[in-house]
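Engineer: Take a look at the following structure, please.
The values are calculated or read from the model by the stated rules, or taken from the named source; none is laboratory data. This is a predicted model, so every value here is computed, not measured. Every residue, glycine among them, receives a Cβ derived from its backbone with ideal geometry; neighbour counts consider all protein chains shown. Side chains included, ligands, DNA and RNA excluded: accessible areas come from the protein's heavy atoms. Shrake-Rupley method; radii C 1.70, N 1.55, O 1.52, S 1.80 Å.
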Amino acid sequence: VQLQASGGGLVQPGGSLRLSCAASGSIFSFARMGWYRQAPGNERELVAYISIGGRTYYADSVKGRFTISRDNAKNTVYLQMNSLKPEDTAVYYCNGRKPDGRDYWGQGTLVTVSS
């Protein structure tokens with residue numbers, strides 16, 4: 001299964017972006033799908049995920065601003081990012097985790113929040 005991420009770009013503080021992660025196969029082959037991000041000089045961190053059962057998780061830093069969702073028919077997971085802050089600037093990576101713990105990664109998509 002391959003994951004294709006898209007939707008990054010340059011946005012002003014307070015703006016919005018929506019990231020998409022399209023899977024080449026069924027997203028239900030994954031126990032969960034989500035997004036990580038990595039800012040320059042920082043470690044990769046988990047931003048949000050949605051489990052096969054629909055349970056969601058958000059990092060404290062994005063709660064109330066980001067929403068993860070999925071379109072089962074399109075095998076696509078989305079990350080709606082609102083009220084973006086400069087500290088949200090990072091490369092965002094789509095992730096799929098199999099029930100056995102194996103991780104699959106999409107290519108990164110750069111999000112830059114700057115005026």
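Engineer: So which strands (runs of 3 or more DSSP E) stay within segment 2-84 end to end and still have 3 or more residues that are among the aliphatic types (A, V, I, L, M)? Spell out how you get there, then give the answer.
Structural biologist: Values: elements: 3-6, 9-11, 17-23, 32-38, 45-51, 56-58, 66-71, 76-81.
The strands (runs of 3 or more DSSP E) meeting that bar are 17-23, 45-51, 76-81.
Engineer: Against the condition aliphatic (A, V, I, L, M), touching a residue at least 40 places away in the same chain (Cβ under 8 Å) and in contact with a Cys (Cβ under 6 Å, 6 or more places away or on another chain), how does residue 47 come out, does it pass?
Structural biologist: Details: aliphatic (A, V, I, L, M): yes; touching a residue at least 40 places away in the same chain (Cβ under 8 Å): yes; in contact with a Cys (Cβ under 6 Å, 6 or more places away or on another chain): no.
Considered against the rule, which asks whether it is aliphatic (A, V, I, L, M), touching a residue at least 40 places away in the same chain (Cβ under 8 Å) and in contact with a Cys (Cβ under 6 Å, 6 or more places away or on another chain), residue 47 comes out as no.
Engineer: Can you tell me how many residues in segment 1-41 are modelled with pLDDT of 95 or more, under 12 Å from residue 89 (Cα atoms) and open to solvent by 60 Å² or more (accessible area, probe 1.4 Å)?
Structural biologist: 4
Engineer: Right, another one. Just to be sure I understand the filter: pairs with C-beta atoms under 9 Å, separated by 6 or more residues or on different chains, first member in segment 1-22 and without any contact (Cβ under 8 Å) to a residue 60 or more places away in the chain, second member of a type in the set (A, V, I, L, M). Which pairs pass?
Structural biologist: Listed by first residue and then by second, the contacts come to 20/5; 20/77; 20/79; 22/3; 22/5; 22/77.
Engineer: Hey, another quick one. Which one of these is touching a residue at least 40 places away in the same chain (Cβ under 8 Å) and either surrounded by 13 or more Cβ atoms within 10 Å (Cβ to Cβ) or not aliphatic (A, V, I, L, M) (or both): 54, 108? Reasoning before the result, please.
Structural biologist: Working: 54 fails: touching a residue at least 40 places away in the same chain (Cβ under 8 Å).
From the options 54, 108, the qualifying one is 108.
Engineer: Return the only residue of 70, 102, 97 being of a type in the set (Lys, Arg), free of Cβ contacts under 8 Å to residues at least 12 places away in the same chain and over 16 Å from residue 15 (Cβ atoms). Let's see the steps before the verdict.
Structural biologist: Numbers: 70 fails: free of Cβ contacts under 8 Å to residues at least 12 places away in the same chain; 97 fails: free of Cβ contacts under 8 Å to residues at least 12 places away in the same chain.
Within the list 70, 102, 97, the selection yields 102.
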